[in-house]
Amino acid sequence: MDTPSLNRRDVLKVSLAGTAAMALPYQAVLSARSASELDAKRMPRPYVAAFTAPPVLAPYRSDDKPGNSYGAVPGTGAPIVGAAYTGTDYYKIEQKPTQVEFVKGVKTTMWGYNGQVPGPTIRVYQDSYVNTGQSRRVVMQQVNNLPAKHPTLGYVPWTSTHLHGSPSKPQFDGYAGDLTDPGEWKNYMYPNNCSPRTLWYHDHGVHHTAQNVYMGLAAQYHLVDEQLERDLGIPRYDREKARLGRPQYEFPLIISDVMFAANGQLMWDDDGESGLYGDVILVNGVPWPTMKVEPRKYRFRVLNGSLARGYTLKLSNGKQFQVIATDGGFMHKPQTVTTLTIGMAERYEIVIDFADLRGTRVQLLNGGVKNARDYDHTGKVMQFEVGQTVTSTDGNTVPSTLGAPHPVMTLDPAESKATRRMRLERSNGLWVINGETWDDVVRTRYEHVFAKVEPRSTEIWEVENSSGGWFHPLHVHLVDFQVLSRNGRPPRPEELGPKDVVYVGEGETIRILLHFEHEEGRYMIHCHNLSHEDHDMMTQYQVGHHDIDCDSINSCPPTRGTPDDFESADPDEVLKAYEKALKEQAEAAEEAAEEAEEAAETPPPAPTTGTGTTGGSPAGTGTTTPPAPAAPTTSAPPAAPATSAPPRRGAGTPTTAPAPTPATPTPIRRGTR
């Protein structure tokens with residue numbers, strides 16, 4: 001389809017002076033005490049609004065069909081094979097405008113998953129994964145029903161959904177250039193074949209990730225081992241109690257910040273692409289909420305969903321709390337802390353014990369981080385109001401160990417096959433990684449990579465922050481890693497678990513240890529200050545091969561029109577379509593062979609006489625003899641792929657079928673954008 005192609009310098013230079021009520025008018029100067037233009041009397045007040053948790057989304061439908069199919073190879077229809085699964089849960093999610101009342105009496109226009117801000121939580125139960133190494137596959141249909149253009153910034157709100165923390169195939173990873181335009185949809189397929197953890201899904205569309213996330217396109221996604229949680233005795237979300245309306249003791253906390261225009265709509269200013277710092281702190285989309293809790297332990301899945309603001313979280317009474325999980329899942333041992341530094345996109349699961357705080361109020365505060373822009377109330381996050389009675393003591397402990405260490409935490413640096421260095425800096429007005437930007441990747445038709453690594457290999461990466469005025473939370477797609485050191489010293493206590501984002505502070509050098517597993521193809525590396533990412537602090541690396549079965553843009557492009565009912569995601573339907581194509585191909589070959597045979601049996605026309613010669617016929621005869629037709633070959637449709645087969649190059653493509661054409665160089669769909 002025809003859509004405008006904006007380069008990274010166009011994005012924030014369109015309609016910057018706009019003040020339409022829809023969203024995001026520009027504000028050139030931020031005051032010392034506040035960022036919003038909204039009258040101070042109308043601003044939300046801390047600890048007035050009630051805490052809410054995003055709803056848990058039920059699957060649209062589910063099945064228990066085992067398989068290992070993740071779509072079909074373009075051009076051949078051969079099933080693309082991946083991690084085996086025990087069944088599939090299907091979700092339909094619509095990206096659409098919605099109205100949210102942050103300011104009393106004012107409806108602020110946002111963009112939400114299913115019209116909710118934050119979007120609904122998805123929970124995948126992994127009990128079988130512990131014993132079989134197989135989980136349930138999720139197929140998430142994302143339908144872009146956003147406006148044709150952003151109302152004030154003027155850009156086309158293309159999207160690309162990234163399930164952050166998932167070892168997804170490249171075509172389902174939310175690659176920045178894999179764009180779904182308004183009116184299009186895509187079925188994302190997730191294997192869930194990793195340790196239980198807190199993930200989140202958010203927009204990742206190139207050059208507009210910051211604006212789209214700011215507008216509301218973010219939500220949590222949980223991989224849950226219920227039996228493990230019962231055995232550990234930790235606070236947990238109980239789905240049976242949820243069904244009965246009984247109290248829960250595990251909650252998501254999505255922390256973000258915004259600023260308001262005079263009319264109560266969101267206001268945009270990322271200070272020359274440095275980062276947006278709002279003066280209103282939201283928790284699950286509510287300004288500074290108050291949560292009523294019982295005097296017992298609670299578990300919180302904390303996500304920093306801000307665009308640029310880091311937080312140092314602490315309780316107002318100085319009380320200790322425990323960190324039990326990081327980005328990649330449970331730590332081996334809980335860590336007791338009084339403060340927790342969390343950069344954008346990092347996730348930490350913490351347990352707070354309110355047992356000795358009956359009848360009191362305690363606040364979760366933000367001590368700030370270096371170079372953040374703070375305002376009157378950005379030191380506040382939320383408040384807990386502790387009751388007098390405990391409804392249930394189930395799941396009210398934190399054991400001294402939380403199970404076996406995550407595999408990445410057992411890696412030995414001596415196993416490393418290579419040490420690579422990455423420098424993050426501001427250079428000539430650009431955000432660069434080793435002096436390069438994402439534009440440099442695009443100019444090579446997505447061929448340029450930071451590194452080519454071998455599948456199942458281990459490497460050390462040294463990440464240096466050479467920009468003095470900013471920290472950079474660096475995210476590596478696909479894999480978990482171990483933080484080895486911070487400026488030559490041990491990592492912080494909360495970093496002693498598997499990570500996929502690391503806080504790289506001003507002037508710091510961090511060493512991380514990575515193991516490349518699960519999938520092959522190209523994956524992004526970028527700063528999670530989303531204005532930095534959009535302009536253009538992002539590169540990519542390649543694991544193993546790159547081909548049409550794992551091409552980030554071309555293996556599974558979005559579709560325009562009415563979304564299907566997951567037929568294209570059903571492994572049986574994929575196989576049926578492939579077998580039908582093979583049958584039609586064989587029939588066509590047979591018909592062609594019959595026609596050739598008939599032609600061979602038909603007597604040739606009488607030879608032409610004359611004095612000249614023609615080709616290789618005997619002199620003076622003028623006759624030609626057609627060559628004999630080649631014998632036709634046919635093959636039966638292949639058997640269904642075995643569900644236990646591991647992912648491999650070309651897996652799922654039978655030898656009797658036409659081989660997929662290697663995508664080298666990668667064609668660019670709809671221009672570079």
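The values are calculated or read from the model by the stated rules, or taken from the named source; none is laboratory data. Note that the structure is predicted; figures quoted are calculated from it, not measured. Here the Cβ positions follow ideal geometry from the backbone for every residue, glycine too, while neighbour counts run over all protein chains shown. Protein only, heavy atoms only, side chains kept; ligands, DNA and RNA dropped before computing areas. Shrake-Rupley method; radii C 1.70, N 1.55, O 1.52, S 1.80 Å.
Before moving on, here are some points about what is shown:
- Estimated vicinal HN-Hα couplings, Hz - the range 530-540 in sequence order (Karplus 6.51, -1.76, 1.60; Gly, Pro = x): 5, 5, 5, 4, 5, 9, 7, 7, 7, 9, 8
- Distribution of pairwise C-alpha distances over the range 193-259, 5 Å bins, in %: 4, 12, 18, 18, 16, 12, 10, 7, 2
- Sorted largest first, extent of the range 544-594 alpha carbons per principal axis (Å): 41, 33, 21
- Taking the centroid of alpha carbons for each part, the range 356-420 and the range 150-192 are 30 Å apart.
- Percentage, to the nearest whole number, of Cα pairs in the range 255-366 over 23 Å apart: 36
- Rounded to whole numbers, the Karplus 3J(HN,Hα) couplings from phi for the range 48-64 are 8, 6, 7, 5, 9, 10, x, x, 8, 7, 7, x, 5, 7, 9, 9, 10 Hz, using 6.51 cos²θ - 1.76 cosθ + 1.60 with θ = phi - 60°, and x at Gly and Pro.
- Normalised alpha carbon radius of gyration of the range 339-394 [divisor 2.2 N^0.38 Å]: 1.45
- Total formal charge among the other residues, if their Cβ is under 10 angstrom from that of Leu364, Lys/Arg +1 and Asp/Glu -1: +2
- Both numbers refer to the Cα atoms of the range 126-268; Rg and Dmax are 18.2, 56 Å.
- Largest first and in whole Å, the equivalent-ellipsoid semi-axes of the range 401-460 read 31, 15, 12, each the square root of five times a Cα gyration tensor eigenvalue.
- Overall, the accessible surface of the range 386-544 at a probe of 1.4 angstrom is composed of carbon and sulfur to the extent of 45 percent.
- Summary of packing: across the peptides 516-528, 308-320, the per-residue average of other C-beta atoms within 10 Å ranks them, highest first, as 516-528, 308-320.
- For Thr326, nonlocal amide neighbours, meaning residues 5 or more places apart or on other chains whose placed amide H falls under 5 Å from its own, are Met331, Glu349.
- With eigenvalues of the C-alpha gyration tensor scaled by 5 and rooted, the range 462-516, Å: 18, 13, 9
- Ordering of 128-137, 582-591 by burial proxy (mean other Cβ atoms within 10 Å per residue, highest first): 128-137, 582-591
- Residues of type aspartates and glutamates that Lys580 reaches as a straight line, Cα spacing below 13 Å, ignoring anything fewer than 8 places off in the same chain: Asp572
- In the structure shown, the pairs Lys107/Lys292; Lys65/Lys186; Lys241/Lys499 are assessed against 29 Å; a Cα-Cα span above that value is assigned to Lys241/Lys499.
- Solvent-accessible area, 1.4 Å probe, carbon plus sulfur percent, for the range 249-314: 51
- Other-chain or far-sequence residues with amide H under 5 Å of Gln363's (modelled H): Ser316, Asn317, Phe384
- Database remark: amide H of Phe354 closer than 5 angstrom to the amide H of Arg296, Lys297, Tyr298 (H placed geometrically; neighbours at sequence offset of 5 or more, or on other chains; Pro and chain starts carry no H).
- The alpha carbon gyration tensor of the range 438-544 gives principal lengths a ≥ b ≥ c with a/c of 1.5 or higher and a/b no greater than b/c, which makes the shape oblate.
- Among 542-549, 50-57, sorting by the average number of other beta carbon atoms lying within 10 angstrom of each residue, highest first, gives 542-549, 50-57.
- Taking N as its residue count, the alpha carbon Rg of the range 54-175 over 2.2 N^0.38 Å: 1.29
- Karplus-derived HN-Hα couplings along the range 133-144 (A = 6.51, B = -1.76, C = 1.60, θ = phi - 60°), whole Hz, x at Gly and Pro: x, 10, 10, 8, 6, 10, 10, 10, 8, 9, 10, 8
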